[in-house]
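Asks: Handing you this structure, nothing more for now.
The values are calculated or read from the model by the stated rules, or taken from the named source; none is laboratory data. These figures come from a predicted structure and were not determined experimentally. For neighbour counting, all protein chains shown are included, and Cβ atoms are generated from backbone atoms with ideal geometry for every residue, glycine included. Calculation scope for accessible area: heavy atoms of the full protein, side chains included, ligands and nucleic acids excluded. Shrake-Rupley method; radii C 1.70, N 1.55, O 1.52, S 1.80 Å.
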Amino acid sequence: MSFKLKQTEKVQSGVRRIATEQIDKAIREVEDDSLPRHEVIHQVRKRCKKVRGLVRLVRPALGKAYHEANVLFRDAARPLSELRDAKSMVGTCDDLMNYFEGKVDRSIFESIRSSLKQDLSDINDRKIGERLSEFRDTMLESKKMVKDWALSDSGFDAIEGGFIKTYERASDRLSDAKDDRDSHLLHQFRKRTKYHWYHLRLLQDIWPPIMKSYRDAAKELSDLLGDEHDYAVLRQTILNDPEVLNEHKNVEVFVALLDARRRRLANRAITIAERLFASSGDVAAGRIEKIWDVWRTKTV
């Protein structure tokens, strides 16, 4: 089953099913010794984010269980971030060099990349194994919680409040980010955008051609903001490294390249976001509800 609600199932059943599928996939990925550990961490962190996006869609109807679920899956993924961040920094450095290929001599930045590679090497396999084992135990325990989830509403009523809340929070964060292209504000906007993207994926079958266009726009927006955040984190990582700062001139040039790339990413993201969040949350939800009602009552 994919990450989407089905036409004939009750929303409560669908939410339980989707959460259980994501948890089971995460457990299997941890147990699969053939997968590289960094790939496992990348995948299981995505599973947790998907579940958090799922419960946000039914947040008002889920009641107190929402907070418990959100905290559990947030905290389960958090200890795994260290390896992801270290791996990401090396990849982001390479992406930056590839973007400016032919315009700069990448060899002068090799010491910066070597320092980032060392940070990755310093994270030992034993620590990774222990954290993944703890994560697996948490996932096994979480399945019991999912079985007890009960929604106070059904049909579109069960998802309307969560859809609007997430949409409007994203819209508010967009306003903040437009006024000040600060990386922290862009990152806050990105988190809300990603939850909205998950909601569009969950609802993708209500009218596939139309929902796909919204879903793809939200995905592109999330990716652009994610890249901007990675560059911002790389910038801070470098400026906090005394050894790297010894090469003062090279660091200045590298940071200037980072900032130029971040500005372009942010500008492109804002252009897409202004269209994606052009209406109010009520209007957006009302449009979805009308399509939902047709989808639930008629078989194409």
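Asks: When the residues of segment 64-74 are narrowed to those that are open to solvent by 40 Å² or more (accessible area, probe 1.4 Å) and touching a residue at least 24 places away in the same chain (Cβ under 8 Å), which ends up nearest to V11 (Cα to Cα)?
Replies: E68
Asks: Right, next: Which of the residues spanning segment 146-162 are hydrophobic (A, V, I, L, M, F, W, C), over 14 Å from D24 (Cβ atoms) and in a helix (DSSP H, G or I)? Explain how you work it out, then say what you get.
Replies: Pass one, segment 146-162, residues hydrophobic (A, V, I, L, M, F, W, C): 146, 149-151, 156, 158-159.
If we keep only those that are over 14 Å from D24 (Cβ atoms) as well, we get 149-151, 156, 158-159.
Within segment 146-162, A158, I159 meet the criteria.
Asks: Answer yes or no as to whether K191 is within 18 Å of A69 (Cα to Cα), within 19 Å of the chain's Cα centre (by Cα) and open to solvent by 50 Å² or more (accessible area, probe 1.4 Å). Let's see the steps before the verdict.
Replies: Working: within 18 Å of A69 (Cα to Cα): yes; within 19 Å of the chain's Cα centre (by Cα): yes; open to solvent by 50 Å² or more (accessible area, probe 1.4 Å): yes.
Yes; evaluated as a whole, the condition is true for this residue.
Asks: Tell me yes or no: at least one residue of segment 254-265 is over 30 Å from K103 (Cα atoms), in a helix (DSSP H, G or I) and either among the basic types (K, R) or touching a Leu at 6+ places or on another chain (Cβ under 9 Å) (or both).
Replies: Keep residues of segment 254-265 that are over 30 Å from K103 (Cα atoms), which gives none.
No, segment 254-265 has no match at all.
Asks: Now a separate question. Tell me, yes or no, whether segment 273-283 has at least one residue that is without any contact (Cβ under 8 Å) to a residue 40 or more places away in the chain, within 28 Å of D119 (Cβ to Cβ) and in a helix (DSSP H, G or I).
Replies: First, pick out the residues of segment 273-283 that are without any contact (Cβ under 8 Å) to a residue 40 or more places away in the chain: 278-279, 283.
Checking the rest, the ones that are also within 28 Å of D119 (Cβ to Cβ) come to none.
The answer is no; no qualifying residue exists.
Asks: Does segment 109-153 hold any residues that are open to solvent by 70 Å² or more (accessible area, probe 1.4 Å) and farther than 30 Å from A19 by Cα, and which are they?
Replies: E110, K117, Q118, S121, D122, N124
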